[in-house]
Amino acid sequence: MKNVVRKRTGITAGVVLAGIGLAFPAVAFAEDHSKPATATATAEARPEAGKGAELREERRKELAEALAKDLGVPVDKVTGSLEKFRAAQGAKHREERKDRKDERAGERPDPAARQQKLADRLDQAVKDGKLTRAQADAVIAAAKAGVLPGPGGGPRHQER
């Protein structure tokens with residue numbers, strides 16, 4: 001069963017990458033004169049160790065060979081294009097992670113401002129009929145007492 005799933009995954013990946021190669025011939029035929037991309041250079045650039053890394057490199061090599069055969073281009077060009085694509089995707093993902101980290105690293109809002117926002121949301125819920133005034137007041141009292149979890153609340157955030 002696992003072999004069937006692997007074959008399907010491999011075929012799907014091959015079709016997708018072949019589509020990318022056909023849809024964007026400039027990428028498939030691009031040449032990087034600054035530094036040749038080889039399987040050994042790729043393996044050295046990645047500090048991964050173990051059988052998983054070897055299997056991954058083997059699958060990548062098989063994929064590049066199959067795509068080269070289907071597209072009628074040299075394996076080196078396909079391998080280079082795939083490496084450029086992976087590098088671009090890696091850079092994109094690293095940038096997205098950095099952006100998310102930067103967003104989270106901002107200053108924490110003032111506790112009084114947080115409580116005011118909570119009170120405003122609860123007031124709106126009371127107006128919408130989702131909560132009663134007594135329920136909203138109970139939540140506000142719990143927040144002020146530090147019972148609610150999260151930033152500025154809960155036992156671990158209280159002074160000892």
Next item on the list: Taking 7 Å along the Cα-to-C-beta vector as the label spot, tell me the Glu58-Val126 distance in nanometres, rounded to one decimal.
Entry: 6.8 nm
Note to self: Between Arg86 and Lys117, how high is the FRET efficiency from 1/(1 + (r/R0)^6) when r is the Cβ-Cβ distance and R₀ = 41 Å? Nearest 0.05.
What the structure shows: 0.45
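Students often get this wrong, so check it: of Lys69/Lys101; Lys101/Lys130; Lys98/Lys144; Lys92/Lys130; Lys7/Lys92, which have C-alpha atoms separated by over 32 Å? Kindly include the intermediate steps, with their values, before the conclusion.
Details: Lys69/Lys101 42 Å; Lys101/Lys130 34 Å; Lys98/Lys144 34 Å; Lys92/Lys130 42 Å; Lys7/Lys92 28 Å.
Exceeds cut-off: Lys69/Lys101; Lys101/Lys130; Lys98/Lys144; Lys92/Lys130.
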Note to self: Multiplying the sequence separation of Asn3 and Val73 by 0.36 nm and subtracting their Cα-Cα distance, what value in nm do you get?
What the structure shows: 22.3 nm
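We did not get these values from a lab; they are worked out from the coordinates using the rules stated. Only a predicted model underlies this, so the values are computations on that prediction, with no experimental measurement involved. Here Cβ is always computed from backbone atoms with ideal geometry, including for glycine, and neighbour counts include all displayed protein chains.
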